[in-house]
1. Could you check segment 1-120 for helices (runs of 4 or more DSSP H) lying wholly inside it with 3 or more residues that are closer than 30 Å to R429 by Cβ and modelled with pLDDT under 80?
2. Can you spot a residue in segment 368-378 that is open to solvent by 80 Å² or more (accessible area, probe 1.4 Å) and free of Cβ contacts under 8 Å to residues at least 60 places away in the same chain?
3. If you check M123 against the conditions, is it under 21 Å from W305 (Cβ atoms) and either touching a strand residue (DSSP E or B) at 6+ places or on another chain (Cβ under 9 Å) or not β-branched (V, I, T) (or both)?
4. Out of the residues in segment 151-163 that are within 16 Å of the chain's Cα centre (by Cα) and open to solvent by less than 10 Å² (accessible area, probe 1.4 Å), which is farthest from M72 (Cα to Cα)?
5. Inside segment 415-449, can you point out the residues that are farther than 30 Å from V49 by Cβ and open to solvent by 50 Å² or more (accessible area, probe 1.4 Å)?
6. So for segment 294-305 (the condition being out of contact with any helix residue (DSSP H, G or I) (no Cβ under 7 Å at 6 or more places or on another chain) and part of a strand (DSSP E or B)), does at least one residue qualify?
7. Out of the residues in segment 45-72 that are under 22 Å from S131 (Cβ atoms) and of a type in the set (D, E, K, R), which is surrounded by the most Cβ atoms within 10 Å (Cβ to Cβ)?
Amino acid sequence: MSPVLLSSILLFKRSTFRLVVILLINGGVSSFALAAGVMSNPLTLEKAVTLALQNDPWLSGSRYQQQATAAMAESAFQLPDPNFSLKMANLPTDTLDFNQEGMTQLVAGVSQMYPRGDSRRLMREQLHLQSGRQPFMRLERQEKLRLTITQLWLDAYQAKQSVQLIEADRKLFDQLVDISLASYSSGLRGSGQQDLIKAQLEQSRIEDRLTMLRQKQDVAEQKLLEWLLPSVSDFTEGMNGFSGYTSELPVLSSLYTDRFQGEGLSNRELSSYLVRHPSIQIVDQSIAAAGTAVQLAKQQYQPQWGVNASYGYRGEDPTGRDRADLFSVGVTLSMPLFSSTGQDKEVEAAISRQEKIRTERSLILRQMIASFHSARTQLDRLEQRREIFDNKLLPQVKQQADAALNAYESDNGSFIEVVRARIAELNTRIEYLGIKIARLKQIAQTNYLLTTTESSAENITLSQEGVTP
C-alpha cells in the first residue's frame with residue numbers, strides 16, 4: 001500500500017471518528033430531554049407533604065391526649081366521694097341484747113371532706129392549661145413535618161435529577177469508548193490509545209458516581225416512606241404508587257420576603273415575632289401551668305374542712321317504751337400548725353420548676369434567632385452563587401465545551417480536551433442543581449422558623465375547649 005493511500009485512509013478514519021463524536025455530543029441534550037419526559041403520576045412535593053400530614057399517627061395521638069387531659073380536668077374539679085358508715089354501737093357483751101341498754105344503737109353515718117382552699121379550681125385550671133398545649137404541639141409538629149418532608153423530597157429529587165444528567169452523558173461516553181476501541185484496533189495508535197484509556201476511565205468514574213447517587217436516592221425515598229405510608233403493612237410497596245418525580249423544581253414562597261420585604265430585622269424585632277411560634281407558645285402554656293402549680297402549692301397553707309353526720313337508732317327499753325333515736329353532726333378542721341416547713345418547701349419547689357421552664361424558653365428563643373440568622377446568611381450566599389452560575393459559569397463552561405469541540409472538529413484540538421470540557425460542563429450543571437436545592441432547603445427552614453399560630457387560631461380555640469378539630 002502506498003504511503004499516500006495509507007495517509008488518506010487514516011485521515012478518513014480520524015474524520016469519521018470526529019464526526020461521530022460531534023454527533024454524539026450534540027445529541028446529548030435531546031436524550032436528557034426524553035429521559036425527563038412527563039410522568040403519569042409523579043410524586044410532587046405538595047402531594048408528599050399532604051400524604052405525610054394525613055398519615056401521621058402522632059397527630060391523632062395528640063388529639064386523644066388532649067381529650068384525656070380535658071376529661072381529667074373536669075374530674076379533678078369534683079368533690080371527693082363521701083364516706084358512708086354503718087355500725088352497731090355499745091352492744092352489751094354479756095347478752096348481746098339490742099334492747100338491754102339505752103346506749104345501744106344502730107348508727108348510720110356520712111362524712112364529707114373538702115379540699116384545701118381553692119385547690120379544686122386550680123387543679124382544673126392547671127389540667128386545662130396542659131390540655132391547651134396539644135393544639136400548639138400539633139401545629140409545631142405539622143410545620144416540622146413539612147420541613148422534614150421538603151428536605152427529604154429535595155434530597156431524592158436532587159439525586160434523581162443528577163442521575164438523569166449523568167445518564168445523558170453516560171451514553172455518550174459508552175459510545176466513545178466503543179469508537180476509541182475501534183479506532184485503536186484499526187491502527188490509529190498513539191493518540192488513539194490515550195483516547196481509549198481516557199474514555200474508559202471516565203466511563204468507570206461515571207458508573208461509580210451513578211451508583212453513589214442511586215444510593216442517595218434510595219435512602220431518601222426509604223426515609224420518605226416512613227412518613228407517607230398509611231400503615232406498616234404497606235411498607236413493602238415502596239414508591240410503586242408513583243412513577244417518579246416532577247421534572248421541575250417546586251416554587252417555595254419565602255415568608256421572610258412576603259412579610260418583611262427582605263428588610264433586615266434586629267434581634268429585638270425578631271424575638272418579638274418569634275414568640276408567636278408554636279414551639280414558644282408550647283413553653284408559654286407550660287409556664288402558665290407551672291404558675292398554677294405554685295398557687296396550688298400555696299393552698300396547702302389553707303385549712304381542710306370536713307363535715308360528718310350520723311343517725312343512731314335505739315331499741316325499746318325493758319318496759320317496752322320506745323327510746324328516742326339520736327342524731328349527731330360535727331365539723332372537722334385540719335390546720336397546718338406543725339408542718340409549715342413542708343408547705344414552704346413545696347411552694348419553693350413549684351416556683352423553681354416555673355423558673356426552670358422560663359430559662360428553657362429563653363434558650364429555645366436564642367436557638368431560633370441563631371438558626372434564622374444562619375439560614376438567612378446561607379440563603380443570601382446561595383443567591384449570590386446562583387447569580388454567578390446563571391450569568392457566568394454556565395455560559396462559560398458551555399463556551400468552553402463548544403470551543404473544545406470546534407477545535408477538535410478543525411483538527412486543532414484533542415479528543416481528551418473535548419471529554420474534559422464535557423465533564424466540566426456536566427459537573428457545573430450538577431453543582432448548579434445542588435445550589436438550587438440548597439436554596440429551597442434554606443427557604444423551607446426560614447419558613448418553619450417564621451411560622452405563627454395565627455394561621456390555625458380557630459382550631460386552637462376549639463381545641464382549648466376540648467373539641468377535637
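1. In segment 1-120, 3-26, 28-35 are the helices (runs of 4 or more DSSP H) which contain 3 or more residues that are closer than 30 Å to R429 by Cβ and modelled with pLDDT under 80.
2. No, every residue in segment 368-378 fails to be open to solvent by 80 Å² or more (accessible area, probe 1.4 Å) and free of Cβ contacts under 8 Å to residues at least 60 places away in the same chain.
3. Yes, satisfied.
4. Taking the candidates together, the pick is L154.
5. E417, R420, N427
6. yes
7. Ranking the qualifying residues of segment 45-72, first place goes to D56.
Residues checked against (1) farther than 30 Å from Q343 by Cβ; (2) in contact with a Gly (Cβ under 7 Å, 6 or more places away or on another chain); (3) part of a loop (DSSP other than H, G, I, E, B); (4) at pLDDT below 90:
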residue	(1), (2), (3), (4)
T236	yes, no, no, yes
L249	yes, no, yes, yes
G264	yes, no, yes, yes
A288	no, no, no, no
G291	no, no, no, no
A309	yes, yes, no, no
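The values are calculated or read from the model by the stated rules, or taken from the named source; none is laboratory data. All of these numbers come straight from a predicted model, not from anything done at the bench. When we count neighbours, we look across all protein chains shown, and the Cβ atoms used for this are built from the backbone with ideal geometry, even at glycine. Accessible surface areas use protein heavy atoms only, side chains included; no ligands, DNA or RNA. Shrake-Rupley method; radii C 1.70, N 1.55, O 1.52, S 1.80 Å.
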